[in-house]
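As structure tokens, the structure follows; a few thoughts come after it.
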Amino acid sequence: MRIAILSRNPKLYSTIRLKDAAQRAGHEVRVIDALHCFMHIGAADPTIHYRRDEVFSRGDFDAVIPRIGASITFYGTAVVRQFEMMGVYCVNESVAITRARDKLRSMQLLSRKGVGIPVTAFANHPDDVTGLIREVGGAPLVIKLLEGTQGIGVVLAETNNVAQSVIEAFMGLETNILVQEFVKESGGSDIRCFVVGGKVVAAMIRQAAEGEFRSNLHRGGTATAAHLTPAERRAAVKAAAVMGLNVCGVDLLRSSRGPLIVEVNSSPGLRGIEEATGKDVAALIIEFIERSARMDKNQTKGRG
């Protein structure tokens, strides 16, 4: 098979691992920087021009693995959509990536499908900030930027007065935020479930560093292998299905009312999960592609 990995940096751990796993399985692999692509959008023969002198057309690749960072979501998903128009199998489709990247939209979709989530509130410019705080059970509560990643733009407000000040400050900057309940039972930890092809193939518990409530590894958190309950496994698989993602990281909290999904990540990193669990997740992704990839299998075919 001929596989393209859309990644801005070929030296990233996840990109290297995916490339090595594909090559070990006997596939041809190219790492392509989405920002160096431009697209010829034609009804008869859509193509992608890469750097100065390469043109990718229908049949040049059998599958694409999108590794689209949050900072290039708009253009990156446009490139994925172009591959879909060319009939190339995309591990995660453009619509699914966009859906998961929008925190508000993803919470609404999960809620509609009956997936457990923390109590969440959203408003553009509420007249009653006190009422907004009250909707999530009062302080302590969590305030999140819709565009934040890796724990950036996430604030724990420990009192109602602090929460009101932070919310008003963000809204004064015309920044979109979510307000969520603080799940005390989680104890500063969450669980990252790595879902591939509708199955949880690995899971780790991430514990926040001392004095920190965000468990992201980029924020100094630590990770160990997790043993999931059947309910947690079902919640992670359902969340991935609701987003329409074949490969993703599903983050959940353990609460007194069961697992609560806090985020679904369409480009989860491999280092933390592989080091914590000892599993070759990259190889499992390539095996999924081998089972699944064929021309014109994309559901959206570039129409989304």
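Quick notes on this one:
- Pairwise FRET efficiency - V55 versus D102, Cβ, R0 = 22 Å, nearest 0.05: 0.10
- Just so you know, the Rg over Rh for the range 229-282 is 0.98, from Cα atoms, with Rh as the Kirkwood radius.
- Here the chain is treated with +1 on each Lys and Arg Cβ and -1 on each Asp and Glu Cβ, and its dipole about the Cα centre works out to around 780 debye.
- Most fluctuating residue given options K279, K11, K238, as computed from a GNM of the chain linking Cα atoms under 10 Å: K11
- The orientation-averaged projection of the convex hull spanning the C-alpha atoms of the chain amounts to 16.3 square nanometres.
- Cα-based shape type of the range 6-63, given that a ≥ b ≥ c are square roots of the gyration tensor eigenvalues and the cut on a/c is 1.5: oblate
- In the chain, a dipole from Cβ-located charges (positive for Lys and Arg, negative for Asp and Glu) runs towards its positive end, and of M171, V201, T15 it is V201 whose Cα lies farthest in that direction.
- Judged by the ratio a/c of the largest to the smallest principal axis of the C-alpha gyration tensor, the range 120-182 counts as oblate, that ratio being 1.5 or greater while a/b is no larger than b/c.
- Cα centroid of the range 1-29 to Cα centroid of the range 224-266, whole Å: 26
- Relative exposure of V162, V55, V183, judged by other C-beta atoms within 10 Å (fewest first): V55, V162, V183
- Point-to-point label distance, A44-S165, nm (Cα→Cβ direction, 7 Å offset): 6.6
- With helices as the sole contributors, the chain gives -9500 deg cm²/dmol at 222 nm; each DSSP H run of n ≥ 4 counts as -39500 (n - 2.57), and the sum is divided by every residue.
- If you run the Gaussian network model on the chain, springs between alpha carbon atoms under 10 Å, then out of M85, M243, M39 the most flexible one is M39.
Coordinate-derived values only; no laboratory data. These figures come from a predicted structure and were not determined experimentally. Here Cβ is always computed from backbone atoms with ideal geometry, including for glycine, and neighbour counts include all displayed protein chains.
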